[in-house]
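Trainee: I am attaching a structure below and will ask some questions about it afterwards.
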Amino acid sequence: MSSPKSLTILGATGSVGRATLDVVQEANDRARQAGKEPVFEIISLTAHSDWVLLAALAIKSGARHVALSDSRYGDQLKAALADHRIAIDLGPQALIEAAARPSDLVMAAIVGAAGLAPTLAAARRGATIALANKECLVCAGGVFLQAVAQGGGAILPVDSEHNAIFQVLDQSDQVEKLILTASGGPFRTWSASAIAAATPEQAINHPNWSMGQKISVDSATLMNKGLELIEAALLFAMPEHQIDILVHPQSVIHSLVAYQDGSVLAQLGAADMRIPIAHTLAWPARLVTSAPRLDLTIIGRLEFEVPDLDRFPALKLARAALKKNGAAPTILNAANEIAVQSFLHRSISFPQIAAIVSETMDEACRLGLDAALGDLDDVYAADQAGRSIATQYRDKRRFVSV
Ligand code: NAD
Ligand code: MG
């Protein structure tokens, strides 16, 4: 890499966004120490409401532009950046415009379907997209992939499992199976009755990974692995029956590809998002990072289990949605976002997350709302329908047996 690679980070204040800025800073510091040009330059950083952190990150990284979707904090953000030459834009449209600004790479790290519109703007202008925001892919499916193809850009998977597969998948059509590993989350060894009483604090206390609240709850229900199953099917054009889920509590093997000749290739590493992030930022080159090194003699043993679909029904629901395809994954994702928020706000119990998703899927099917997605309007209609049905079921259940 000779001239700096320009980068926009959507969701810069989040767990993936901050890890991305850490990787950028380390690469630029190493280059400076070696008397070389910086490796990356930051074009734009976006956030939803955390203007304090957004301002601090923009100043530290030398960003040229920031966009904050919650415009109520616009005055504070402007005051915080008054002494800096950093352009500021406010409101949801500002995030779309930030993604549309020219840059070599866009890190899509907003959480949830809220990331869809900005990520699509990056896709339409042909940017290379480092994709962490799995919900936007699950939500818009083929419509999103088509926008990427028409724009002439590409997706580099950041999600650690998909990044692992990307690293070991060759171009052959001789793949027998993709095997996504799952840590099993914080409740892997809990009884069904203990899981029924789980609190938000327990659910976000992931054993191996430090992540945002929503994905942490998804990891506890195993819906995260369900969303990743759909993500893998889309990213690697693989049918549902050729993708397996393997519980691997140590999170050392990040996923595997089984070939028809009996070879199985895996990618291993510490459970540190800086590794897959660095891979996507530098691809096809590699960066030096200070992420922890893997010492298999310290780890000693690796364990594997079949996922328990009775205690973790969300995974079953996601597989059913993938089999159905059409708008079913969109509705699954929308219902899950409503249910997870409700659980975090203590309006429903932990098992009610999967129950609400299941009821929403059934109702959407009864109403014929899970038909094929023709265009973006269909995506937004299905997303809205999923949210509205899930909210109705949530309100019926609110405060029941919590
Ligand atoms: P997070 O909650 O830590 O950060 C979310 C970011 O999105 C923040 O910058 C926030 O300001 C922004 N945001 C939230 N709501 C928004 C809205 N309505 N409009 C615009 N911006 C909004 O989340 P995270 O853990 O960094 O995860 C981000 C994405 O990456 C998720 O899709 C997650 O599934 C995926 N992912 C995360 C990890 C991880 O280790 N954290 C690993 C793999 C994939
Ligand atoms: Mg993952």
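Only the coordinates and a few stated rules stand behind these numbers; no lab work does. Predicted, not measured: the structure shown is a model, and the values here were computed from it. Here Cβ is always computed from backbone atoms with ideal geometry, including for glycine, and neighbour counts include all displayed protein chains.
Trainee: Tell me, how many Å apart are the Cα centres for the range 34-96 and for the range 1-28?
Mentor: 13 Å
Trainee: Compute the convex hull volume of the Cα atoms of the chain, divide it by the residue count, and report the result per residue in Å³ as a whole number. Please list the in-between numbers first.
Mentor: Details: hull volume 58.5 nm³, N = 402.
Taking the convex hull of the Cα positions in the chain, it is 146 Å³ per residue.
Trainee: Based on the alpha-carbon gyration tensor of the range 5-157 and its eigenvalue square roots a ≥ b ≥ c, which shape applies: rounded if a/c is under 1.5, prolate if not and a/b is larger than b/c, or oblate? List each step's numbers first, then the result.
Mentor: Details: a/c = 1.92, a/b = 1.19, b/c = 1.61.
Here the range 5-157 falls in the oblate category.
Trainee: Let me see the P(r) profile for the range 209-279: every Cα-Cα distance counted, bins of 10 Å, each bin given as a percent of all pairs.
Mentor: Percent of pairs per bin, in order: 16, 47, 34, 4, 0.
Trainee: Could you calculate the contour length gain from Asp104 to Gln76, that is, 0.36 nm times the residue separation minus the distance between their Cα atoms, to one decimal place in nm? Working shown, then result.
Mentor: Numbers: separation 28, 0.36 × 28 = 10.08 nm, distance 3.01 nm.
So the extension gain works out to 7.1 nm.
Trainee: Kyte-Doolittle mean at least -1.0 and Cα extent at least 20 Å along the axis: which DSSP H helices of the chain qualify?
Mentor: On the way: long enough: 15-33 (27 Å, -0.77); 134-151 (21 Å, 0.99); 328-344 (24 Å, 0.81); 351-366 (23 Å, 0.09); 376-397 (31 Å, -1.05).
Helices meeting the criterion: 15-33, 134-151, 328-344, 351-366.
Trainee: About its Cα centre, what dipole magnitude does the range 141-205 give when the only charges are +1 on Lys and Arg Cβ and -1 on Asp and Glu Cβ, stated in debye to the nearest 20? Mind showing how you got there, number by number?
Mentor: Working: 2 positive and 6 negative charges, 37 e Å.
The dipole magnitude comes to about 180 debye.
Trainee: What's the extension gain from Gln25 to Ser49 if we count 0.36 nm per residue and subtract their Cα-Cα distance?
Mentor: Additional length available on full extension: 6.3 nm.
Trainee: Just order 252-264, 91-103 by mean Cβ neighbour count inside 10 Å, highest at the front, would you?
Mentor: Highest-to-lowest ranking by the protection proxy: 91-103, 252-264.
Trainee: Next up: For the range 258-269, just list the computed ³J(HN,Hα) in residue order, Karplus coefficients 6.51, -1.76 and 1.60, θ = phi - 60°, integers in Hz, with x standing in for Gly and Pro.
Mentor: 9, 9, 5, 8, x, 6, 10, 10, 10, 10, 10, x
Trainee: Now for a separate question. Estimate the FRET efficiency between Ala87 and Glu37 by the formula 1/(1 + (r/R0)^6), using the beta-carbon distance for r and 25 Å for R0, to the nearest 0.05.
Mentor: Values: r = 24 Å, r/R0 = 0.94.
After rounding, the FRET efficiency stands at 0.60.
Trainee: Taking 32 Å as the cut-off for C-alpha to C-alpha distance, list the pairs among Lys78/Lys225; Lys36/Lys134; Lys177/Lys214; Lys78/Lys396 that go past it.
Mentor: Numbers: Lys78/Lys225 40 Å; Lys36/Lys134 35 Å; Lys177/Lys214 29 Å; Lys78/Lys396 43 Å.
Over 32 Å Cα-Cα: Lys78/Lys225; Lys36/Lys134; Lys78/Lys396.
Trainee: Among the aspartates and glutamates, which fall within straight-line cross-link reach of Lys5, defined as a Cα-Cα distance under 14 Å, with same-chain neighbours fewer than 8 residues apart omitted?
Mentor: Glu37, Glu41, Asp104
Trainee: For Leu156, what residues show an amide H to amide H distance below 5 Å, using hydrogens built from the backbone and excluding near sequence neighbours?
Mentor: Hits under the 5 Å cutoff: Ile129, Ala130, Leu131.
Trainee: On to the next question. Quick one: which of 71-78, 29-36 comes out on top by average Cβ neighbours within 10 Å, and what's the full order, highest first? It would help to have the intermediate numbers written out before the result.
Mentor: Details: 71-78: 15.4, 29-36: 11.1.
My ranking of the peptides, most packed first, is 71-78, 29-36.
Trainee: Between Arg18 and Tyr380, what is 0.36 nm times their sequence separation minus the Cα-Cα distance? Round to one decimal in nm.
Mentor: Numbers: separation 362, 0.36 × 362 = 130.32 nm, distance 2.90 nm.
Extra length from Arg18 to Tyr380 when fully extended: 127.4 nm.
Trainee: Something else: If R₀ is 30 angstrom, what is the calculated FRET efficiency for the pair Ala371 and His345, using the beta carbon separation as r and rounding to 0.05? Intermediate results must be reported in sequence, preceding the final value.
Mentor: Details: r = 32 Å, r/R0 = 1.06.
Between Ala371 and His345 the formula returns 0.40.
Trainee: Next question, about the same structure. Within the range 299-323, what residues put their amide N at less than 14 Å from the label point 7 Å along the Cα-to-Cβ vector of Gln250?
Mentor: Flagged as within label range: 299-305.
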